[in-house]
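Take a look at the structure set out below.
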Amino acid sequence: MAEKARRVLLKLSGEAMSAAGSFGIDGKVVRQLAAELRVPVQAGIEVGLVIGGGNYLRGKSVADASIGRATADYMGMLATVMNGLALHSALTAEGVDARVLSAIEVRNVVESFVLGRCLRHLAKKRVVILVGGTGNPYFSTDTCASLRAVEIGASVLLKGTKVSGVYSEDPNKDAKAKRYERITFAEVLRQGLQVMDTTAIAMCMEHRLPIRVFDMMERGNVRRALEGGELGTLIASE
C-alpha cells in the first residue's frame, strides 16, 4: 500500500509578505517565500496555507469608536485576500499549482471556501491558500488555522512567527527567557503563553493536533518546517 502523503496546515502572519519593519507587500520577499514552498510541494507534501493580514492592518487594533470591531475585522479579512492573491501569483511564477479559497465571497477574484473543493485541490497536490479568516468577526486567523487544520485532516499545524519558538517570557524584553523545545497544550494555557489565542489552542488540544512554532523570518525555515524538520517548539498533548 502506498504511504499516505504528508498533509500540513501552514499558518503565516501577514508580516511574511513584507520586508522587516516595512508595510504592505514586498515582491522580492513574496518570491522568496514561494521558492521555499516549491521544493516540498513538488516532493508531494500537501499544503494548506492560512495567511494573516497584519502587514496591512489588524482588525482588533484599528477598532475604535468610529470603526466598530466587526467592521474592522472584515477589513482585516479583506487584507488576507490581497495577501493570498499576491502569494498565488508568486507560486504560479515558480511553477506551483495553487488555488485561493476565501471564507468571505469575492466571487470575481477567488473561489469561495467549500471543504469538499478544498480537499479535492489538496488531493491534486495544489497549494490551497485559505483567506478571509473564518468569515466571521471576532475570530483570529490563528483560530482559522486551527479550524482549517482539523477540517482538512492535517497531521500538524505549522505556526510561523518572528521568534524561534515558544518562550517562558517575551525574548525581546527578557534576555533570560527560556525557549521550550516541547511543551504541552495544558502548560501553554496554564502559563498564559502568548503563542496563539486560547480558542485556537483549545481546539488543537481537543483534536490532539500538534503545533510546531518556528521562526519564519530565517531563510529556509519554511521549507524545513514543511519537510518535517524539528525546529522551534513542538506543542502536543503529552
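Taken together, the values in this text are just the output of simple stated rules run on the coordinates, not laboratory data. What you are looking at is a predicted structure, and each value in this text was computed from that prediction instead of being measured. Positions of Cβ are backbone-derived with ideal geometry, glycine not excepted, and every protein chain shown enters the neighbour counts.
Projecting the Cα atoms of LEU37, LEU157, GLY135 onto the charge dipole of the chain, computed from C-beta unit charges around the Cα centre, puts LEU37 farthest toward the positive end. The dipole here belongs to segment 1-121: it is taken about the Cα centre, uses +1 on the Cβ of Lys and Arg and -1 on the Cβ of Asp and Glu, and is about 220 debye. Computed over the alpha carbons of segment 150-227, Rg followed by Dmax gives 12.9, 39 Å.
In deg cm²/dmol and to the nearest 500, what is the mean residue ellipticity at 222 nm of the chain if only DSSP H runs of at least 4 residues count, each as -39500 (n - 2.57), divided by the residue total?
Numbers: 8 runs with 88 residues, N = 238.
Roughly -11000 deg cm²/dmol at 222 nm, from the helical runs in the chain.
Spin-label model, GLU151/GLN32: points 7 Å from Cα along the beta carbon direction are separated by 3.2 nm. Each of ALA186 and ALA93 was given a label point 7 Å from its Cα along the Cα-to-Cβ line. The distance between the two points is 4.9 nm.
Around THR80, what is the net charge, scoring Lys/Arg as +1 and Asp/Glu as -1 over all other residues with Cβ under 12 Å from its Cβ? Please list the in-between numbers first.
Working: positive: LYS11, ARG58; negative: ASP73.
Computed value for this residue: +1.
Above 16 Å lies some portion of the pair distances; for segment 124-172, what is it as a whole percent of all C-alpha pairs? Working shown, then result.
Working: 639 of 1176 pairs.
It works out to 54 percent of all Cα pairs.
By Kyte-Doolittle mean hydropathy of at least 0.5 and Cα axial length of at least 27 Å, which whole DSSP H helices of the chain are selected? Intermediate values should be presented prior to the final figure.
Values: long enough: 69-93 (37 Å, 0.65).
Within the chain the helices that satisfy the rule are 69-93.
Principal axis analysis of the Cα atoms in segment 38-165 yields extents of 49, 39, 27 Å, listed in decreasing size.
Please order LEU234, LEU10, LEU226 by the number of other Cβ within 10 Å, starting at the fewest. The partial results should precede the final answer.
Details: LEU234 19, LEU10 28, LEU226 22.
Lowest count first: LEU234, LEU226, LEU10.
If R0 is taken as 45 Å, the Cβ-Cβ distance between PHE23 and SER237 corresponds to a FRET efficiency of 0.70.
Using 1/(1 + (r/R0)^6) with R0 = 22 angstrom and r between the beta carbons of ILE67 and TYR138, what's the FRET efficiency to the nearest 0.05? After rounding, the FRET efficiency stands at 0.95. About its Cα centre, the dipole of segment 1-60 is roughly 120 debye, where the only charges are +1 on Lys and Arg Cβ and -1 on Asp and Glu Cβ. The residue list VAL222, SER13, ASN55 was ranked by how far each Cα lies along the charge dipole of the chain toward its positive end, using unit charges on Cβ atoms, and VAL222 comes out on top.
For the chain, with only Lys/Arg (+1) and Asp/Glu (-1) charged at the beta-carbon, what is the dipole magnitude about the Cα centre, in debye rounded to 20? Can you show the working numbers first?
Numbers: 31 positive and 25 negative charges, 91 e Å.
It comes to approximately 440 debye.
What does the net charge come to around GLU169 if you take all other residues with beta carbon closer than 9 Å to its beta carbon, with K and R at +1 and D and E at -1? Overall, the nearby charge balance is +1. Distance distribution note for the chain: the fraction of Cα pairs above 31 angstrom is 17%.
Ranked by Cβ crowding within 10 angstrom, fewest neighbours first, how are CYS144, CYS118 ordered?
Numbers: CYS144 26, CYS118 20.
Placing the least packed residue first, the sequence is CYS118, CYS144.
Segment 107-238 gives an Rg/Rh value of 0.98, both radii derived from C-alpha positions and Rh following Kirkwood.
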